[in-house]
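Computed from the coordinates by the stated procedures, all read-outs in this text should not be read as laboratory data. This one's a predicted model, so the numbers in the text were calculated from it and none came from an experiment. Cβ: placed from backbone, ideal geometry, glycine included. Neighbour counts: every protein chain shown.
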Amino acid sequence: MDSDGGPVRATDRGLLIDVRLQPGARHTRVDGLAVVDDGTGGLARVLKVRVSALPAEGRANAALLALLAKTWKLPKSSLSLAAGRQARRKTVLVAEPPAALRQRLTDWLAELPSA
């Protein structure tokens, strides 16, 4: 996590965003920021997302990437899963130059409700 505890962190490949995905939801949408157990007894902030697609055959993952690409106005090809392919907790890699994109995503995240 970043020093601010947010779900976005920079790497040499782009930005990594921690996501909590709910597949099979009634609606496809970004719910906002949530605090979840990080698996080590600590807490982590994640982007909470729902998709109506079921997890079978990677459909929920594809729906997640398509929703984020559309929301952030980025080409789908610049987003991929870096971790969590078969888990609800995922890490999305946004392979774009991190400097300008980071500020844009930070501003976008600041407008989201917290769960």
Quiz item: What percent does the relative contact order of the stretch 8-110 come to when contacts are Cα pairs within less than 8 Å and at least six residues apart?
Solution: 32 percent
Quiz item: Picking from 32, 74, 60, whose Cα lies most toward the positive end of the charge dipole for the chain (charges on Cβ: Lys, Arg +1; Asp, Glu -1)?
Solution: 60
Self-check item: Estimated [θ] at 222 nm from DSSP helical runs (n ≥ 4, -39500 (n - 2.57)) normalised by residues in the chain, nearest 500
Solution: -7500 deg cm²/dmol
Practice problem: Report, in debye and to the nearest 20, how large the dipole of the chain comes out about its Cα centre when Lys and Arg carry +1 and Asp and Glu carry -1 on their Cβ. | Solution: 460 debye
Quiz prompt | Positive-pole candidate from 23, 113, 103, dipole of the chain, charges at beta carbon | solution = 23
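Need one word for the stretch 34-101: rounded, prolate or oblate. Basis is the Cα gyration tensor (sqrt eigenvalues a ≥ b ≥ c); a/c below 1.5 gives rounded, then a/b vs b/c decides.
Cα axes put the stretch 34-101 in the oblate bin.
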Practice problem: Would you please classify the overall shape of the chain from the alpha carbon gyration tensor, given that a ≥ b ≥ c denote the square roots of the eigenvalues, rounded means a/c under 1.5, and beyond that prolate means a/b larger than b/c while oblate covers the rest? | Solution: rounded
Self-check item: Label-zone membership for the stretch 75-92, site residue 57, 7 angstrom Cα→C-beta point, backbone N under 20 Å
Solution: 81, 85-87
